[in-house]
Every structure is written in C-alpha cells, then in structure tokens.
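One structure below.
Where a number appears in this text, it was derived from the coordinates with a stated rule and is not lab data. This is a predicted model, so every value here is computed, not measured. Every residue, glycine as well, gets a Cβ built from its backbone with ideal geometry; the counts of neighbours run over all protein chains shown.
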Amino acid sequence: MSTRVVIDPLTRIEGHLRVELLAEDRRIKDAFACTTQFRGVENVLVGRDPRDAWVFAQRICGVCTFTHGLCSIAAVEDAIGYPIPVQAKLIRDLMMRTILIQDHVIHFYQLQALDWVNVVTALKADPAEAARIGSSLSNWTGNSRGAMAETQETVKKIVESGQLSIFTNGYWDHPGYQLPPAVDLLAVTHYLQALTFQREMIKLHTIFGGKNPHPNMLVGGMATPINMDNEWTINQVRLDQLKAIVAGTQTFVEQVYYPDVLAIMGFYKEWFDIGAANPNLMALGLAGTWGSGDPNLYRGNRLEPGLLLDGDFRKPVPFDLSKIVEYISSGWYDYSVGADKALPPWQGETNPNYTGPQPPYEWLSDRPKYTWDKAPRYGDKAVQVGPIARMLLAYAQGEPSVVTMLDAAMAQLGIRLEQMNSTAGRTLARAMESVLMAREMQAVFADFAGRILNGDTAVFNPDKWEPSSWPQAAKGVGFVEAPRGLLSHWVQLEKGAIKNYQCVVPTTWNASGRDPSGQMGAFEYALAHSKQHPLTDKDKPLEALRTVHSFDPCMSCAVH
Ligand code: NFE
Ligand code: MG
C-alpha cells in the first residue's frame, strides 16, 4: 500500500511548485510535478510593437534575468532580418555568460547546498580544520581560520536567537547529511562569500545595461554607448572595472565553486546512481550559445546543435527545429485543435482553463490535468535540457575543453559517463560549465576591448528600426542556452505588430507533466521512473528535494 507524500511549496526555487509522490518501502513509486501558478506573459505580448517585446518578456524571470530579453530580441531580429554590429553581439555574449555564472552560483550555494550541507553541524566543527581542508582544495584567500571562526559566530548567533530565518525548516537531524563538520563549515562560509561575490560580479550588467535585474537592451544592437572621451559611457574606467569583474569571476568559480562541488559530491557518490532523468538530452551547444533563426545555420559556434537519444551518450543526432511541439494533456489549457493534439510553437495557443479543485485541496494528480506547465516534446520524445545536456553533447562531439574537464572529474570521482545523468551529475555539470564560461569570458572581453582600441564603437544598426522597412507578415525564432537549458521564443508579426508569441522554456521541458502517451517530464522521471529513488522519511523528504533541486527549477519561467 503506497503512501501519499506532498511537498508544497517546494522551497528554494523561483516560483511555485508542488510535488506529489506515491511512496512505498522508503522508495518513490510515482511522482507528479504540479506547477500551481499561472502567468500569461505570452498573451500580454500579443498586439504590441515587437521592439518592445523584450521589456515584457524579460520580466518572465528575475533569476535568469536578461535571458528572456535576449531570446526575445533574437526572435524579433530573425523575423525582420535585422543584422547587429559585432560589438553588440560581444556585449550580449558577456552579459549572457555573466548571468549564467551568477545563476549557477546562486543555485549551488543559496538554492541547493543546504540539501547536502548541514548548517547546524557546522557549529561543531574546528575552524582550523575547515581552513586546512579549504587550503587543500585551492588558493582561495577566503579560507582562513579567521573566516571559518567568523562564520561559526554568525551561525551560532542565528541558532541561539531561536529564529533560524532562512535556515528554518531544514531537516537538520536527517541521517542523509553525511559531510564531516569541517566541510559543512567550509561550505557555509562559502555560502556567505557567494553572496558578496554575486553582488560584485553582476555589476557587469549594470555597466552594460544600466541596472540589474532586467538590464536595458535594444532590438538592432545594444543601448550601450562606447566613447572613450565621455565620462558617462563605456570608457577606459569602465573597461578597467569590467576587466576586474571578469578576472574575479574566474577566480571564484575556479577556486571556490568548482572545488566545493567536486569535494561535496565526492562525499555523496551514491547520488551518481540516483535521479537519472529521461535518457534523451538536447542542446544547441555550450552554455550561453544564442542566436536568431534555425540553430543549424548559426556560424562560428564550435559545436553542432543536437540530441543524445535513448541513453546513447556517445552518438549525437542532428537537431531539427520542426520537431519541437507542445502538448497540454496534463496542463490546464484548451487547444482549438483538441486537448490530445500537439501544436508547434509558431501556431501555439495559450488558452488557460483551470479545471482542478478549489484550494485547499489534498491531491491534484488524480485528474488528467494537474499543472500549469505545458508539455514540450521533441517529436515523440520527452527530453531533458540543461547543463548536463550541454556537457554531454559537447563531450560526444569531442570538444577538447569539455573532454579534458569531464574525464578528470570522472577519474577523480570514479564514475562512468552514464552516471552523469543523475542528481549529482546535474549539479556537477553546472559547476563545470561555469568554469568553462568564465574562461571564455576572458577571451570575449579581450576581443571587445581590442576592437574598441581599433576604433570599433558601433553598437546599434539603425537600418531596420522603422516598421516601414519590415515585411507585412513575418515569423522568427530566437534560441538561448539559458542557465537551466534550451530556451526558445517564437514570434509571428503582422503589419508591424505581434500576432502570436510563444515561449518554450527550459523548466517547461523539465517540469512537464504526462503527455498523451503517458511519458513523464524530467522531474517526474528522475523521481519515479526507477521506482528505487530513496525517501527514508516521508515527513522529511530530503532525498526528493535533492533530485528536484538538481534541475534548478524555475516555475515562473516554466509557465511564463
Ligand atoms: Ni526563471 Fe530561466 C533559465 C529561462 S528557466 S530561470 O535558465 O529561460 O526555465
Ligand atoms: Mg509557452
């Protein structure tokens, strides 16, 4: 006889997620991901000037901020055939990589670490031992004994106050926590240092885009004037500041984030055998890859867009844009073509129709429809997107930076490639690609600064700004390899206005419910497909949290 377990709200994510589980003998036997919020930004965009779309679209999310703005602009520029200056592309590249790294650092320290790291146990640690372990992992200057002791003081005050604040409701006495106290203390110290790091590194967005979250952008380029003789534009002072931010970002991910993830996952090796999601992975290329139109036509990317299907992680299959469709069979929507049919995004419809019970309710998933998430599919496949898809696709294509890093990590941890499709593997892949992106940022920044010295300061192309230069009817698509995976925006224009606008978002893919053939999305699959996923205490579902958090869920994005 199985027991019902509900996690609602599932916290330390963006937006509202409820997970319903059936458990038996301390194992998860079935799972349902229920997104309990509706947004409707796609419908808000209909009828508007496409040059304004990014402003609205960017508000889909404040975590992967910039990402939806970039994807929107890429889609509109595709529709009207709008080329942009090289410097505008480089600014977008720098901003995209910056948000990816910040988002990944937030994920590991603020959103997932407390599933693995025990704040209460950190109090029992010897600060000198924590400092010693820290200095054995890297040369990070924040690993002193003093830094560890200070963290302990801070945490002690919080615990003694009886108001645990952000640490309230942690399952601190759960036997699943396995780190030595000194490692707990080291990680809590880095949890706090990660906050300071993020505040500094995201200034790159304020320099290029005036603010963060939701920096300013522009169809046809960027709204970022470059003039070395003007105090208010990108000038030598700003270039020096940007250079320091890029260097500091690389230092933090190389000396803190990646060594922490490798070390912590080394204590939880069994999690490379737990939480495998659908063995179908899809990506355009490395993190931060973006562009207008069919990704098969992008120029200059090192990798081909593609998929790894049916568990064969060594043989890439070419990507076909026309195979992306969305179902609503488990979502509270209507389609004019019928609830069991799929629609391609350019013809997509967002007609909300809530048919679930009125709250408070006990169970949602005993009805066919139980979520506000649509169910995107690639042809007839339920696929997984995200850092793990990017890293394994790059590995399969022999990308040297990825092969070197992944081979070294797998050797150190003693795991096989197939085990990367797991709760621990997804977390590790995210940290790895952060290091690769930080290194790439150095090259992109050097290119950008070098071009300025050669007099290239153009950031905007005025040629297609006026709607009179646009076709009467057009459609376009933009793609971005966003923090949580492959993002696409699909726009149809008519007489200078948006006729239809559809977003197919990373968490929409991963959090999707059942499609008409009963296939689960990645969250559900990772929890329930094996029927062996542990759940030792139904009142403290720590193991389920570890797996769901490993996708870095963003339900605000998923439903948009
Ligand atoms: Ni709201 Fe986003 C990312 C996008 S997620 S976080 O990454 O697009 O589904
Ligand atoms: Mg959508």
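Multiplying the residue separation of residue 397 and residue 536 by 0.36 nm and subtracting their alpha-carbon distance yields 46.1 nm. Electrostatic tally near residue 341: other residues with Cβ closer than 13 Å to its Cβ, Lys and Arg +1, Asp and Glu -1, net -3. Each residue of the range 366-382 was assigned a 3J(HN,Hα) from its phi angle through the Karplus expression (A = 6.51, B = -1.76, C = 1.60, θ = phi - 60°), giving 8, 10, x, 9, 8, 7, 8, 7, 6, 10, x, 9, 9, x, 9, 9, 8 Hz with x at Gly and Pro.
Among DSSP beta bridges whose residues both lie in the chain, state the antiparallel percentage, nearest 5.
About 90 percent, rounded to the nearest 5.
Packing, taken as the mean count of other beta carbons within 10 Å per residue, orders the peptides 75-85, 144-154 from highest to lowest as 75-85, 144-154.
By definition, a body whose alpha carbon gyration tensor gives a ≥ b ≥ c is oblate when a/c is 1.5 or more and a/b is not larger than b/c, and the chain fits this oblate description.
Taking label positions 7 Å along the Cα-Cβ direction at both residue 169 and residue 132, the computed distance is 3.9 nm, reported to one decimal. Around the amide H of residue 381, modelled in the peptide plane, lies no amide H under 5 Å away from a residue 5 or more places distant or on another chain.
Separation of the range 106-154 from the range 403-451 is 23 Å, based on Cα centroids. Taking each of 323/499; 29/315; 381/540; 211/499 in turn, the alpha-carbon distance tops 25 angstrom for 29/315; 381/540; 211/499.
Going from the residue with the fewest nearby Cβ atoms within 10 Å to the one with the most, 132, 26, 39 rank 26, 132, 39. With contributions of -39500 (n - 2.57) from each DSSP H run of at least four residues, the per-residue ellipticity at 222 nm computed over the chain stands at -11500 deg cm²/dmol. Along the range 13-23 the Karplus relation, 6.51 cos²θ - 1.76 cosθ + 1.60 evaluated at θ = phi - 60°, assigns HN-Hα couplings of 9, 9, x, 10, 10, 10, 10, 10, 10, 10, 10 Hz to successive residues, with x for each Gly and Pro. Footprinting exposure proxy ranking of 560, 549, 489, 174, fewest other C-beta atoms within 10 angstrom first, gives 174, 549, 560, 489. For the range 421-532, relative contact order (Cα pairs under 8 Å, six or more residues apart, normalised by length) works out to 13 percent.
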